[in-house]
Each structure stands twice: as structure tokens, then as C-alpha cells.
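Please read the structure below before turning to the comments.
Nothing in this text is a laboratory measurement; each read-out follows from the coordinates by a stated rule. Fair warning: this is a prediction, and the values are worked out from it, not measured in the lab. Here the Cβ is made from the backbone with ideal geometry for all residues, glycine too, and neighbour counts use every protein chain on show.
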Amino acid sequence: MNAPLSPFLPFTRPSIDEETIAAVADVLRSGWITTGPRCSELEAALSARYGGRPVRLASSATAALGIALRVAGIGAGDEVITTPLSWVATANVVLEVGATPVFVDVDAATRNIDLEQAAAAVTPRTRALLPVDLAGLPVDRDRLHALAARHGLRVIEDAAQSMGARWRAREIGSFGDLVSFSFHPNKNMTSIEGGCLVMNDEAEARRFEKLRLQGVTRHADGGMDVDVLGGKSNLTDVAAAVGLGQLRHLDAFNARRHQLARRYFERFPRALGFELPVADFEQSNWHMFQPLLPAGSDRGRFIEAMRAEGIGVGVHYPALHLFTLYRARGHREGQFPHAEDIGRRTVTLPLFPAMADADVDRVCAALERVLRRGGA
Ligand SMILES: *Cc1c(COP(=O)(O)O)cnc(C)c1O
């Protein structure tokens, strides 16, 4: 008889407990299922986590980032310096408000925005820096905020991947300017879809609320006014109930991610020629574990061969300035060599809190088999 096949191991999977499922059922039975008390509770819990800074929810991090740009007053004619190695939302939101994303290359080791190149890219039109903590490894916040202060720029942190990560022992979100997190199911905690923005003061929070829902300001007498064009980006209480259930476990989830990442470093078959990520166990939240394939590998064949081994592999991300939309804006191959090289060779291996240590060993053994028989 054949040994039972191990179940397919995806590159990520959310952990939703029964308590959360029951809390969702409670919302569905309550008679109020869209934005309401659960959203307020989640906003308060997040605000408490970030030292009392105001936090407002949105239907996605994309929506939260777009509103953040508008809260910062960024629009047509403005430039925002950002990274080409991110989920395309990072740059799309800049275009959406009519501003220009100005890309600079990433640092080859951290894979995050190269702040020296960012400094060199500042022009009189630059209004903001939009850094991304790729895979949860934080951008150097000391240098980032020093650069912003030197030129009077806003900082809009796309911290979609770095919830629970730290910079010099301070949690990302608890300091800085505007900080956005994502609760997409692939992130370190989820509300199915959803995101939030951490802000500086209540005036910004009120502006966020207005832009989140049609530009509406409500009056005490039941009337209302609309003085600015807002969108429709509110979160539902069903989603917030999931988020509340997740937030309770975030620190435990991240601790487990650290253990699994450590095991990857211990067990990784180094002779295969992969380039491993920075081994940061102080600051990163280990949102993803992403080795770079050996130069000259065929990533498509590698992903197929790993799938045949029962293991899911993701790609986060191809350099976004080479997408058709951005090429049409004048971007081209060779502009950002580090981002392009990483974007071609990066693979996301399975890493999520419910994984067993043996799953890491299984991935490493599969890598060995696949590379040795030339499957990449
Ligand atoms: C996931 C992600 C986003 C977008 O988050 P959504 O909640 O899906 O809108 C933006 N930037 C980065 C870096 C991300 O990883």
C-alpha cells in the first residue's frame, strides 16, 4: 500500500478560530451587519495598540492608502517617492489621486527602498515618501524620517506587510506620520478584506472618515452636508468581528512565524545556490520567507515542480514599473536593476502560523529534490 500523500501545503493560509466564527455568526444575527459597533471596537483596540494614535478602518489597505494621500493633501502635480518592488497597489494609489509615483531602486540586501537614492530623487515637486516594509522587514525609520524632515515631506508608510514588526524595539504604527496596514487574508492578520490607517490627530481622523464615506459630515439634528468628494470604503461589522478575533492572536501568530523562519535558516539546503533573505529576528514580523532562485533558473518550472511535490510557491513581486501601465508612462527595463533582478528570482515559500516544523523540513527536502534533478 502506498503511504498516504501529505496534504497540499499552500504558501499561506489564515488561522481562524471557532470563537471568531461564533462572533461572526453573532454579528449576522444581530440585525446590524455593516459598519457599526464591531468596527468601533476594532478601531479602539488598534488605537490602544499604537499608543493612543487615532486609527480608522477601511475596506482595504488600498483604500486606506488612497485616503491617506488625500488626507496629506497630495494630488495632481505632486511627486511621491516609492519602491518598484511591491504589490502594485502601492503605486496605483498615487496615480489614482493624480500624483506621480517616482520610483527609486531597492537595496539588494533588504529589498526595501534605497534611501540614498530616495534622497537623490527629491525635487521641488516631491510631497511624500511612500516606503514598503517588504516581507515585514522594516525600512530604516531613523533615516526615513530624517530625510522627510530635511525636505518637509510627509511619510505614508505602506506597512501592509509589517503589522507587529518593530524598528529599534518600537512597534511599526506606534510612531511616525501616516501608517497603513492591510488585513487581506495573506497578511499577518486578516478581516477577510480590510485595512486601516494610523494618523497623527483627530482632525486627520475626521477627514479620513469623511473621505471614506461619500464626503458626508453628519449634524446633530440628523441633517448632513457634503463638502468634498468621498468614496465608499467603509468596513463591515462582519469583517471587523474577524479582525477582532485575529488581533487577539497577532503576537502569537508572529512568534510562530519567527520560529518557522528560524527553522528555514537552520534547515535550508544552502548548497543549492539560493540567496536567503536578511536573517532579522529582532525587527521583522516574518510576513514572508523569500529566497531568490539561483541566477538563470526557470521560475515557472520551479513552481510547477514544487506543486508536483505538494508545495505551493508564490511570487511577491515582479518589479511593477515593467507592467504595461507603467511602461506606458515611460518606464523601462534596466531602470532599477536590483528590483528587476529580485522580481525575476524571488519565490515565496510556505510560512503561516498553523504550519508544523515538519512542514518546513518537507519544503527543504522538496527544494533539494527539485533543484538536484534540474527542475528549475
Ligand atoms: C497587500 C498589500 C497592499 C494592499 O492591501 P489590500 O488590503 O489588499 O488593499 C498594499 N501594499 C502592500 C505592500 C501589500 O502587501
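Give me a comma-separated list of calculated 3J(HN,Hα) values for region 256-261, in order, Karplus coefficients 6.51, -1.76, 1.60 applied at θ = phi - 60°, integers in Hz, x for any Gly or Pro.
Taking θ as phi minus 60°, the curve returns 5, 4, 4, 4, 5, 5 Hz for region 256-261.
When only DSSP loop residues count, what chymotrypsin sites (Phe, Trp or Tyr not before Pro) in region 106-207 have their Cβ near at most 16 other Cβ atoms within 10 Å?
Of the chymotrypsin sites (Phe, Trp or Tyr not before Pro), the ones in loops of region 106-207 whose Cβ has at most 16 other Cβ atoms within 10 Å are PHE175.
If eta is 1.002 mPa s and T is 20 °C, what Stokes-Einstein diffusion coefficient results for region 250-372, Kirkwood Rh from Cα pairs, in µm²/s?
Taking Rh from Cα pairs, D becomes 137 µm²/s.
Taking θ = phi - 60°, what integer Hz values does the Karplus form 6.51 cos²θ - 1.76 cosθ + 1.60 yield along region 187-202, in sequence order, with x for Gly and Pro?
7, 6, 9, 10, 10, 6, 10, x, x, 8, 10, 8, 10, 8, 7, 5
Rounded to the nearest 20 Debye, what is the dipole magnitude of region 202-336 about its Cα centre when Lys and Arg each give +1 and Asp and Glu each give -1 at the C-beta?
380 debye
Highest mean first, how do 21-34, 196-209 rank when packing is the count of other Cβ atoms within 10 Å averaged over residues?
196-209, 21-34
Return the long-range amide H neighbours of LEU178 (sequence gap of 5 or more, or a different chain), with a cut-off of under 5 Å between placed amide H atoms.
VAL155, GLU157
With +1 on each Lys and Arg Cβ and -1 on each Asp and Glu Cβ, how big is the dipole of region 18-243 about its Cα centre, in debye rounded to the nearest 20?
Using Cβ point charges on Lys, Arg, Asp and Glu, region 18-243 gives about 180 debye.
Determine the sum of side-chain charges near PRO294: Lys and Arg each +1, Asp and Glu each -1, restricted to other residues whose C-beta is under 9 angstrom from that of PRO294.
0
Rounded to whole Å, give me the distance from the Cα center of region 15-64 to that of region 198-248.
Their Cα centres are 13 Å away from one another.
PHE103's amide H: which non-local residues (gap 5+, or another chain) put their own amide H closer than 5 Å, with H modeled 1.01 Å from N in plane and none for Pro or chain starts?
Amide H to amide H, under 5 Å and 5 or more residues apart or across chains, PHE103 pairs with THR82.
In deg cm²/dmol, rounded to 500, what helix-only [θ] at 222 nm does the chain give when every DSSP H run of at least 4 residues adds -39500 (n - 2.57) and the total is split over its residues?
Using -39500 (n - 2.57) per qualifying helix, the result is -11500 deg cm²/dmol.
Find the Cα radius of gyration of the chain, compare it with 2.2 N^0.38 Å by division, and give the number to two decimals.
Relative to the rule-of-thumb radius for its length, the chain sits at 1.02.
Mind giving me the nanometre distance, one decimal, between the label points for VAL216 and LEU28, set 7 Å out from Cα along Cα→Cβ?
2.6 nm
Collect residues whose amide H, placed 1.01 Å from N in the peptide plane, falls under 5 Å from the amide H of THR126; neighbours closer than 5 in sequence don't count.
Close amide H contacts, sequence-distant or interchain: GLU79.
With just the Cα atoms defining each centre, how far is region 144-158 from region 298-334? Give it in Å.
Taking the Cα centre of region 298-334 as reference, the centre of region 144-158 is 30 Å away.
How do ARG49, ARG332 line up, fewest other C-beta atoms within 10 Å first?
ARG332, ARG49
Provide the FRET efficiency to the nearest 0.05 for the ARG299-ALA255 pair, computing r from the beta carbons and using R0 = 25 Å.
Once the sixth-power term is evaluated, E becomes 0.20.
For the chain, find the longest principal axis of its Cα atoms and tell me its angle to the long axis of helix 37-49, 0 to 90°, nearest 10.
70 degrees
In whole Hz, what ³J(HN,Hα) sequence does region 50-63 give by Karplus (6.51, -1.76, 1.60; θ = phi - 60°), x for Gly and Pro?
9, x, x, 5, x, 10, 10, 8, 9, 6, 6, 5, 4, 5
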